[in-house]
Amino acid sequence: MISSNIEREHIIKAIREIDSNGILPGRESRSFLLIFEGKRYPPKYVLSLANKFANGEELDPSRFSGGQETNNFLKRLRFDIVEISSSRTIGKSISSPKRTFERTQKGHDERCTECKKTIEGMLKEIYGNVESNYKFEVSTNVEDYKVFPFYQKLKEILLELQKCRGHKDFVRTPTLSRCDFFVPNPGFIVEFDESQHFTSPSIMDPEIWTG
């Protein structure tokens, strides 16, 4: 049973904890997602953590159900919930059923050229000069950065990626791959959130859009 004294502020504290610590294995959501500040979170796990801030301990997930019970509680606290349907519906919102985009064979996905052209046009409108498919001659060998103060952190990231992937030989090019867009002034790059990136597919599935 969900404690009635859990407030919106407790939910936000739980979200911040997930931002800092990530999601425990097995606590991902395959049916619904809580949307907050443009990010997606597993609703039931968020609610379990929120109980810690309201009542001093994490709520055992066996004591309450996901789906309707969890979603209704979160919606009452003014949080947006979206459904991940088995038919691969994109961005089907529980609170806004009209905002539904059905995936088709010609639908948008992480490698959609139409979407990339739209983003490129937007960047050019704002910043002027935009370089697409830009190549930086930057080494992918961590040992080349020994003299830099961020070397140790960079190596820690590499070791964690190796543990996550289960092997060490996933870096196969001597320099960084081309980026989607480079904006010289003020100086930043834009990358689509594609499957080769860090994002966990259970949390930020590129096939899920919100209206």
Over the stretch 48-68, the set of residues assigned to a helix (DSSP H, G or I), modelled with pLDDT of 90 or more and either exposed (fewer than 15 other Cβ atoms within 10 Å of the Cβ) or among the hydroxyl-bearing types (Ser, Thr, Tyr) (or both) is 48, 55
I'd like to check something: does the stretch 13-20 contain any residue that is out of contact with any strand residue (DSSP E or B) (no Cβ under 7 Å at 6 or more places or on another chain) and part of a loop (DSSP other than H, G, I, E, B)? no
Filter result for residue 183 (over 28 Å from residue 22 (Cβ atoms), surrounded by 12 or more Cβ atoms within 10 Å (Cβ to Cβ) and touching a residue at least 24 places away in the same chain (Cβ under 8 Å)): yes
Are there any pairs with C-beta distances below 7 angstrom linking a residue in the stretch 111-130 that is without any contact (Cβ under 8 Å) to a residue 60 or more places away in the chain to a residue that is part of a loop (DSSP other than H, G, I, E, B) and exposed (fewer than 11 other Cβ atoms within 10 Å of the Cβ), with the two at least 6 apart or on different chains, and if so which? 127/185; 129/185
Identify the residue in the stretch 174-190 that is assigned to a strand (DSSP E or B) and not charged (D, E, K, R) and, among all such residues, is nearest to the chain's Cα centre (by Cα). 190
Which of the numbered conditions does residue 27 fail, given that it passes all the others? Conditions: (1) over 19 Å from residue 83 (Cβ atoms); (2) touching a helix residue (DSSP H, G or I) at 6+ places or on another chain (Cβ under 6 Å); (3) modelled with pLDDT under 90. (1)
Give me the pairs, please: first residue somewhere in the stretch 132-155 and in contact (Cβ under 8 Å) with a residue 40 or more places away in the chain, second residue anywhere and hydroxyl-bearing (Ser, Thr, Tyr), beta-carbon distance under 9 Å, and either six or more positions apart or on two chains. 135/175; 135/177; 136/175
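The values are calculated or read from the model by the stated rules, or taken from the named source; none is laboratory data. Note that this is a predicted model, so its numbers are computed, not measured. No Cβ is skipped: glycine too gets one built from the backbone with ideal geometry, and neighbour counts run over all protein chains shown.
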